[in-house]
Every structure is written in C-alpha cells, then in structure tokens.
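Here's the structure, in structure tokens; my notes come after.
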Amino acid sequence: MEKREIFFKELHNIIKENSSLKQKITNPDNIETWDGCSLSQLDVNILKSLNLTQDQIEVFEKLTKDAVLESFYQCFCLIDGVTDPVTLEDIETEVEWDGLSLADPDEEDEPLHDSFYSSYMDSLEE
C-alpha cells in the first residue's frame, strides 16, 4: 500500500471515529474539546435534556461526518490548487495561489499538527 493510500485510509478512520457522537451526546460531562469549543454548563444541561433516540443520534452523526468530510475535501482542493483560499480576498498579498506542496518534514520545519494548532489559536484571537 502506498503512503497516500495509508494516509487516506487513516483519515477515513479518523472521520468515522470523530463523527461518532453517541458517547458525547449521552455523557456530555466528559467531553474533551479544542479551546474555543468548550461546552458551558448550560450546553451540557441542554445535551442531557435531549433524550435522543439512537436513530436521532445517527442523524447528527451523518451531518457531522458530512461536515468533516467536506472540510477535508476543501482542504485537499486548496492543497491541489483547484480552488483559491477565500482569505486571499481579506489580506494584502502578492501570492498567486497554485496549491501547496506537503513534503516529508525537515527537522527544522515545525510539525504540521503544531502549525495547525497555533494557527487555530491565532484565529480565536481575531
């Protein structure tokens, strides 16, 4: 199996795992979230009061999976250069978007997951 196939297979597993909401909906006290996505006590109480059936939970899981899949798809479109970043309209730059190359990491490069998390934290401050 090629690296790309392994990567995509793992992404699909990640999407499946992160779309599984039953545990989060039925036991909201123990939900771990990213900064900026934390649930308030009111949010937790609302989830507890829903009393959703398994069929209703599955509807939310499908919507969540679709949103995550769409996010990855759009991300890969940006990487492939078949779409332009919307944020190019909001910033002053001479950059012409033709995609992005993700190469094997160099020891001097910040790992992508760290860069992603840092950029997420920066976006919370905007």
In whole Å, largest first, what are the principal axis extents of the Cα atoms in the chain? 51, 41, 30
Candidate lysines - alpha carbon under 24 Å from K3, same-chain residues fewer than 8 apart omitted: K16, K65
For the chain, the charge dipole (Cβ of Lys, Arg +1; Cβ of Asp, Glu -1; about the Cα centre) points to a positive end, and the Cα of Q74, V44, F116 closest to that extreme belongs to V44
In debye to the nearest 20, the charge dipole size for region 3-125, taken about the Cα centre with +1 at each Lys and Arg Cβ and -1 at each Asp and Glu Cβ, equals 1280
Which residue, chosen from F60, V86, N13, occupies the Cα position most advanced towards the positive end of the dipole of the chain, where the dipole is computed from +1 (Lys, Arg) and -1 (Asp, Glu) charges on Cβ about the Cα centre? F60
Under 13 Å from the Cα of K9, which aspartates and glutamates turn up, not counting those fewer than eight places away in the same chain? E17
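Determine, from the Cβ-Cβ distance of E17 and L78 and an R0 of 25 Å, the FRET efficiency 1/(1 + (r/R0)^6), rounded to the nearest 0.05.
0.55
Just so you know, all these numbers are worked out from the coordinates, no wet-lab data involved. These numbers were taken from a predicted model, which means no experiment stands behind them. Backbone-built Cβ (ideal geometry, glycine too); neighbour counts: all protein chains shown.
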